[in-house]
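Written below as structure tokens is the structure these notes are about.
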Amino acid sequence: MANATHPKISRRAIEAQGAQRMKFSRIQFKRKQKKETLSLVQIQARTLATMGAELRELRQEQSLAIDTIARQTLIPARLLRAIEDGDLTRLPEPVYVQGFLRRFADYVGLDGSTYAREFPTGNESTPSQSSWRGSSITQLRPFHLYLLYIFLVIVSVRGLSESVNSDSRSPDSSIAPSQTADHLDELTPRPASGDVSPPEITPSTVTANASSSDSGNNPSQQVQVGVTLTDESWIQVVADGETTFEGMLSQGTHTWSANRELTVIAGNAGGVMIAVNGDEAQPMGAPGSVEELTVVADSRAGAGSGNAPTSAN
């Protein structure tokens, strides 16, 4: 009875298969009439019992062994026997049973796909349920995306606003110190139109020696001051009570003269050298300090060489 190979199907077997299909069609019609009054499990059990009997009959007509079909279809022999016996308790989920029925039917000469669809798996109502869930999700997605879009816009605007505010504050804080450092020397010593005196000015008075002539109007008695700058400084020069220069000077030598007295004020005394009437230049003071030096003409004739600067205080 058990053959190792698939036997040749005879004419009689083909006719028997045709008769079996007609019988199967009549069974299906009766099965559909009773389907509405039966539960899914009952329908599956009855359908499997009918289909298992049909497959057993076809297998036996062709003298096929269970083990042979198991090797060819890769279905365990115990599951093939459970199908022929119509025993759902020995079989896996209905969807797998449907696949076994398809391969079993194909092997015994039936259209396996069409034949297996007659076995209900319980998933027939799933498409409508899935479509309802899909439509609900489709309806909810735009709303969720809209909320997400609003949230992202708010976060982006807030972040951009904070970035702009921080950028607008940082230039002021970074530029102000550099501006103060660059122009500190210029702004600190400069007096306001003679109403306010420069802060912490140390005045000094130097008497310039007169020439051999004792005439007060003789040009040789004029005061002449040479100002040599080794560093940039604010300078104010007052000759005989009138301001002749006020501003910033860079490195170099400048000369001013007066008939009676000449006053020089330096904002960076450490960078200014003073020479009176051609004498040797001397520094006005310490770097960064504000110093004032007044040179007056000596009315005494026949005096010796120029005196060194002396403090007025």
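Only the coordinates and a few stated rules stand behind these numbers; no lab work does. Computed from a prediction, not measured in an experiment: that's the story for all the values here. Cβ atoms come from the backbone with ideal geometry, glycine included; neighbour counts cover every protein chain shown.
Annotations
- From most to least packed by mean Cβ count within 10 Å, the peptides 88-100, 259-271, 149-161 give 259-271, 88-100, 149-161.
- All other residues whose Cβ lies under 11 angstrom from that of GLY109 are scored, Lys and Arg at +1 and Asp and Glu at -1, for a net of -1.
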